[in-house]
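The values are calculated or read from the model by the stated rules, or taken from the named source; none is laboratory data. Model, not experiment: these values are computed from the prediction. For neighbour counting, all protein chains shown are included, and Cβ atoms are generated from backbone atoms with ideal geometry for every residue, glycine included. SASA here: full protein model, heavy atoms, side chains in, ligands and nucleic acids out. Shrake-Rupley method; radii C 1.70, N 1.55, O 1.52, S 1.80 Å.
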Amino acid sequence: MMKNKTLILGIGAALFLASCSKKETVDTKTSTTDSTATAATTDSIAHPITSAQGDTTENSLDWNGTYEGTVPCADCPGIKTSLTLNNDKTFSITEEYLERKSKNEDKGTFTWDATGSIITLKGKTAENKYKVAEGMIFQLDMEGKEIDGPNKDLYILKKK
């Protein structure tokens with residue numbers, strides 16, 4: 001009878017100690033894992049990625065400002081162009097047809113393409129596309145492609 005009581009007491013003490021240690025270990029691991037998982041989940045939800053990774057013209061160049069140049073014209077000596085790009089993605093453009101006494105002015109907004117290097121003007125009449133570079137912009141053709149050929153350098157507007 002004494003053996004049974006000692007055996008039962010010994011088993012009970014062993015179970016008690018074992019359950020306390022396991023519970024502490026399990027609680028510590030569970031709480032660490034849960035807090036890490038919660039932090040990671042919360043972090044990815046709270047801070048979504050909203051722009052392209054890496055450097056683009058939009059986020060790495062000082063593109064805002066006024067660009068000027070004279071681009072070719074089919075039936076006049078050229079079109080003196082002044083384009084101002086603002087930080088709030090608005091623009092104003094003035095196009096003066098040389099030897100014609102004709103001048104167009106427009107204002108509106110512009111958008112960047114997915115690569116962050118080409119802008120599209122959206123004004124009352126202006127819907128031009130430009131590739132933005134360091135200190136200059138290149139007027140693109142109606143399909144948004146760079147103008148090629150011997151006169152391609154005439155479609156560059158330089159920053160003032």
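Here are the numbers for the structure shown:
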| read-out | value |
| --- | --- |
| Tally, over the stretch 77-114, of residues that are out of contact with any Asp or Glu (no Cβ under 7 Å at 6 or more places or on another chain) and hydrophobic (A, V, I, L, M, F, W, C) | 6 |
| When residues of the stretch 81-103 are limited to those that are under 20 Å from Ile119 (Cα atoms) and more than 27 Å from the chain's Cα centre (by Cα), the one least open to solvent (accessible area, probe 1.4 Å) | Thr81 |
| Number of positions in the stretch 104-136 that are in contact with a helix residue (DSSP H, G or I) (Cβ under 9 Å, 6 or more places away or on another chain) and open to solvent by 60 Å² or more (accessible area, probe 1.4 Å) | 3 |
| First in the stretch 142-160 and in contact (Cβ under 8 Å) with a residue 24 or more places away in the chain, second anywhere and open to solvent by 100 Å² or more (accessible area, probe 1.4 Å), Cβ under 9 Å, 6 or more apart | Tyr155/Glu146; Lys159/Asp62; Lys159/Glu134 |
| Conditions (1) over 18 Å from Asn87 (Cβ atoms); (2) at pLDDT 95 or above; (3) of a type in the set (S, T, N, Q); number of the one not met by Thr111 | (1) |
| Leading residue by the ranking (surrounded by the fewest Cβ atoms within 10 Å (Cβ to Cβ)) among those in the stretch 137-154 that are assigned to a loop (DSSP other than H, G, I, E, B) and among the acidic types (Asp, Glu) | Glu143 |
